[in-house]
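Read through the structure below, which is laid out as structure tokens, and then see the notes.
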Amino acid sequence: METPLAVVETTPLIDHHCHGVLGGELDRRAFEARLTEASVAAPGTSLFDTAVGFAVRRWCAPVLDLPPHASPDAYLERRAELGADEVNRRLIGAAGVELFLVDAGLPGELVDPAAYGGRSLDVLRLERLAELLVGEGAAGFPDRVRAALGRSGAVAAKSIAAYRVGLDLDPARPSDGEVVRAASRWPASGSGRCADPVLSRFLVWEALERGLPVQFHVGYGDSDLDLHRADPALLTPLLRAVQPLGVPVLLLHNYPFHRTAGYLAQVFPHVYADLGLATHGVGDRAAAVLAEALELVPCGKFLYSSDGYALAELHHLGALLYRRALSDLLRGKLESGSLSGEDAVRITRMVSGGNARRAYRID
Amino acid sequence: METPLAVVETTPLIDHHCHGVLGGELDRRAFEARLTEASVAAPGTSLFDTAVGFAVRRWCAPVLDLPPHASPDAYLERRAELGADEVNRRLIGAAGVELFLVDAGLPGELVDPAAYGGRSLDVLRLERLAELLVGEGAAGFPDRVRAALGRSGAVAAKSIAAYRVGLDLDPARPSDGEVVRAASRWPASGSGRCADPVLSRFLVWEALERGLPVQFHVGYGDSDLDLHRADPALLTPLLRAVQPLGVPVLLLHNYPFHRTAGYLAQVFPHVYADLGLATHGVGDRAAAVLAEALELVPCGKFLYSSDGYALAELHHLGALLYRRALSDLLRGKLESGSLSGEDAVRITRMVSGGNARRAYRID
Amino acid sequence: METPLAVVETTPLIDHHCHGVLGGELDRRAFEARLTEASVAAPGTSLFDTAVGFAVRRWCAPVLDLPPHASPDAYLERRAELGADEVNRRLIGAAGVELFLVDAGLPGELVDPAAYGGRSLDVLRLERLAELLVGEGAAGFPDRVRAALGRSGAVAAKSIAAYRVGLDLDPARPSDGEVVRAASRWPASGSGRCADPVLSRFLVWEALERGLPVQFHVGYGDSDLDLHRADPALLTPLLRAVQPLGVPVLLLHNYPFHRTAGYLAQVFPHVYADLGLATHGVGDRAAAVLAEALELVPCGKFLYSSDGYALAELHHLGALLYRRALSDLLRGKLESGSLSGEDAVRITRMVSGGNARRAYRID
């Protein structure tokens, strides 16, 4: 097993999309429920027997003073012994992340990862915003959304249209009249969720109009999602329509459509891509998947994110596996002579944080 | 070339989806017609010049006492000399399969592979059942299907909805009235084939209701299929609807959607995946494809199948290439330190037969 | 870094799909605009920081007497110093291509690559033909198309239906009445572009009826394209319908659907596939992508193309990266023992030019 290249190892990361971590104790069932995108294991199986589960035992166990490959029970016992706070501190502290962009709109009593190292900026979850604002009545809904976006202080907005209505969005910007009608229909549906394509489009257009980069959940996630409706190619008409605004659109995760996302990030100057969730999700296959993801995307358009949520293990593994994958990739190119050492350093700086800094106008 | 890991080499396989083998002689044209999913080669080309064709010459030739890479004609000459019975005995005997789950609903004078080693259990082909029962009249069709399923003795059912109507099935369970109407329309269509989405859904629901695991053909197959309609993501609404039944749904083959199948097998506790047909279909690329297939799927949800049909070479190569692929994969993980030896043994046992035993409640 | 296998290095290529090269000077912006499928880089980024950009610096710089990895500016300075004509002569001369099939229907003052080495044959761009002929009136349009196809002298026709209407074409051959009606609607749309599915189908059917092989753009391209509508699986009904004509249909590029294209080229005897644009587009990942592309396709059905356009670098890199990829692939198979040396030679000859010669009835 090789050590990552020094430049990769020492360059701090910007994690441009993640969530908070849990501060309390977790039993095995609760831990497994947060480890993958499954909420429950099949009878007779364990979600520790997944790529990410093996990675936790291999890489996180030593951070908790256990030998690599400690058993799940030993790992959870030691985790409880140290307490969540110390575990979070160790795992996030060792991740080498200088800045977290945090979508805090997920359920649970979550602690900002920056509480354990680095700093953080807010990402505004658009559907959550709409759900908070719709209750005050449909008539003023568009203006209330605009006002909230204007004063949000967030560095970016996040759309989960992929989960709610799919990515095959009509590219046209909806009129306020259409938005009000959609908002009026909402309570009638009986669900508290923002799941109307008119509203999804409205939220994205309004955020971009205000200069807020928009992150889209793309590709795999939990079982609420229909994967074929989360193909980033479906976004193409909308990407084309918002291109004149010149505001970044960031395609998150993308697996198994990461090659398609790379294509979009190549041909549209305002489109960026990452591997997000898939970085830790595929465990020791991260290098193979990253190599595919980077086939078409310009190096100036690829970002790092962990999509870490609830378990600090995910923030830790995201950073660790990303660095190892990037290092493997660059080392292969250096060894075959297809890249110069100088370019390897430059690429590392871009995809570790430079691109995020440029896309989000940070600093 | 390395020998597979001992545990992989010696653990017997359960082939959870295959068909029978031909007992008679095959000339070159007839052999090539069964070697891949093509029924005929382009003029001036040979279907031996495919990944599976090269694998037959490399791996099956020595089983018939020929040197590796024997020419197609030499191979077929020796095959004829030994006779199909001896060839089947040798190839299936050397596959190391303890149990075959056999879908015997395909055309041809086929011999159960267990005639040459191991034992077998029946898989009931749902569309074939419907085709046999519809002739007795539409009125009693739903009850006749239920009765037949109840007394079938099969260990699983198999749906080829992907071939007939595509996998974008309405998740709702159809009423008997709808089924009777669909069955009445059938003869009018002039075709003997069950190709109505109402019937496809009905058959799947009824099998699962009776506790019969349902295998779905997913992904590539012969030229009868529209590949984009065989994407397992299209099944998501139905998978969600049948989840409360708690009965396994097994996604077969899946190539080139094997990563999507892995996602479904992760997030739905009742969903399982394999590589089936693709294992021998991609020849010496089996390790690369298997590595992709296993990125997301929990180790407790992946199974082995050969989809061997007509040629015992396919049953043999399925097992041989699966073992070599699994061994390559595990050896890589052991060498890089990402997996412990104990886990490698445990994973081997799960994906060789343990998962099939659990999913089908065998023994 | 290993030298390619001698047989791969020395076998001349047939580049069965490319375009002309520019004869004039190019500043950095103009060069970058032609290097990838992007027309412009994002602010603060360079399209040289892409797989193909790194490959230009690695492989083309030495052809212009520069060290590998020369900077973009040094490269373009040297390019200007030598002059486009000398650059084209060197890059195309060193590509080792004996025959170019040239689609000359793209905009720009383009020089036939055969002006710099090898010879060329014409590929007729179907939509361009329709655009030239529709102005003379809708009534006689079908007959004028047929006459033009009959006297074209082209070795093949090319369809960009993927760009204009998507590949989910109705398989039915349109009647002349339908075609005339579609042609009549055309000027009313105000666009000069042929973008009507009836016309796309008509053009393909007419070309194939006259024995002209039809090349389809498939998969990725520039931002005009909706990638999910360029999935070759969508062509399946049309492929099935034209199969009785027995005339080759050639799926170009195919990335990221190259496995799907391989499936189609396996099951339909008249279907062929290549990697085209992706060969240079993915740079040093060409070997990995080629390995995927060849998983299912019979060796007698895979062709080489560069899709080189405007920059002779692309014709050069296409050939160079294809040869290196093929060599890596074959060397891996030879070393693992999965292929004989004799077969490696035979495969090289097929996929370098033999298959193109057969499919297009050249010589």
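No lab work stands behind these numbers, since they all come straight from the coordinates. Since we're looking at a predicted model, the values are computed, not measured. Cβ placement follows ideal geometry from the backbone for every residue including glycine, while neighbour counts extend to all protein chains displayed.
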With an 8 Å Cα cut-off and a minimum separation of 6 or more residues, compute the relative contact order for chain B in percent.
21
Taking the Cα centre of the protein assembly as shown as origin, sum charge times position over the Cβ atoms of Lys and Arg (+1) and Asp and Glu (-1), and report the length of that vector in debye to the nearest 20.
780
Just to confirm the number: angle between the C-alpha axis of helix C:258-267 and the first principal axis of chain C, 0 to 90 degrees, nearest 10?
60
So for region B:98-223, what are the equivalent ellipsoid semi-axes in whole Å, largest first, each being the square root of 5 times an eigenvalue of the Cα gyration tensor?
25, 16, 15
Of B:333/C:333; A:333/C:333; A:301/B:301, which pairs sit farther than 24 Å apart, going by alpha carbon to alpha carbon?
A:301/B:301
Post the alpha-carbon centroid distance, region B:260-295 to region A:268-285, in whole angstrom.
21
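In which sequence would A:125, A:34 go, from the one with the fewest C-beta neighbours within 10 Å to the one with the most?
On the way: A:125 23, A:34 19.
Fewest-to-most ranking of A:125, A:34: A:34, A:125.
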If we count every other residue with Cβ under 12 angstrom of residue B:124's Cβ, Lys/Arg +1 and Asp/Glu -1, where does the sum land?
+1
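Where Lys and Arg each count +1 and Asp and Glu each count -1, what net charge lies around residue C:265 among other residues with Cβ under 13 Å from its Cβ? The partial results should precede the final answer.
Numbers: positive: C:259, C:301; negative: B:37, B:49, C:274, C:295.
Around residue C:265, the charge tally is -2.
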Helix A:72-82 sits off the longest principal axis of the Cα atoms of chain A, rounded to the nearest 10 on a 0 to 90 degree scale, by 80
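Under 4 °C and 1.567 mPa s, how fast does chain A diffuse according to Stokes-Einstein, given a Kirkwood radius computed over C-alpha pairs? Answer in µm²/s, whole number. Walk me through the numbers before you get to the answer.
Numbers: Rh = 20.9 Å.
The calculation lands on 62 µm²/s.
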Sum up the charges of everything whose Cβ sits under 15 Å from the Cβ of residue C:170, counting Lys and Arg as +1 and Asp and Glu as -1, but leave residue C:170 out.
+2
Jot down the radius of gyration and Dmax of region A:24-78, Cα atoms only, both in angstrom.
10.8, 31
Let me know the volume per residue of the alpha-carbon convex hull for region B:107-169, in Å³.
130
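Could you work out the per residue convex hull volume over the alpha carbons of region A:214-269, in cubic angstrom? Walk me through the intermediate numbers first.
Details: hull volume 4.0 nm³, N = 56.
Here the figure is 71 Å³ per residue.
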Quick check on region B:171-243: take the gyration tensor over C-alpha atoms, sort the square-rooted eigenvalues as a ≥ b ≥ c, and tell me if it's rounded (a/c under 1.5), prolate or oblate.
oblate
Using the count of nearby Cβ atoms within 10 Å as a rough guide to exposure, how do B:3, B:279, C:45, A:348 rank from fewest to most?
B:3, C:45, A:348, B:279
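Add -39500 (n - 2.57) for each DSSP H run of 4 or more in chain A, then divide by its residues: what number comes out at 222 nm, to the nearest 500 deg cm²/dmol? Display every interim value, and only then the final one.
Details: 17 runs with 157 residues, N = 363.
Roughly -12500 deg cm²/dmol at 222 nm, from the helical runs in chain A.
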Shape verdict for the protein assembly as shown, please, from the Cα gyration tensor: rounded (a/c under 1.5), prolate (a/b greater than b/c) or oblate.
rounded
With axes computed from alpha carbons, what is the tilt in degrees of helix A:197-209 against the longest principal axis of chain A, rounded to the nearest 10 within 0 to 90?
80
Binning at 10 Å from 0, report for region A:219-361 what percent of all alpha-carbon pair distances ends up in each bin.
12, 41, 35, 11, 1
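Per residue Cα convex hull volume for region C:302-358, in cubic angstrom? Provide the component values of the computation, followed by the final result.
Values: hull volume 4.0 nm³, N = 57.
Enclosed volume per residue, from the Cα hull, is 69 Å³.
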Everything considered on the Cα gyration tensor (a ≥ b ≥ c; rounded for a/c under 1.5, else prolate if a/b is larger than b/c, else oblate), region A:68-137 must be described as prolate
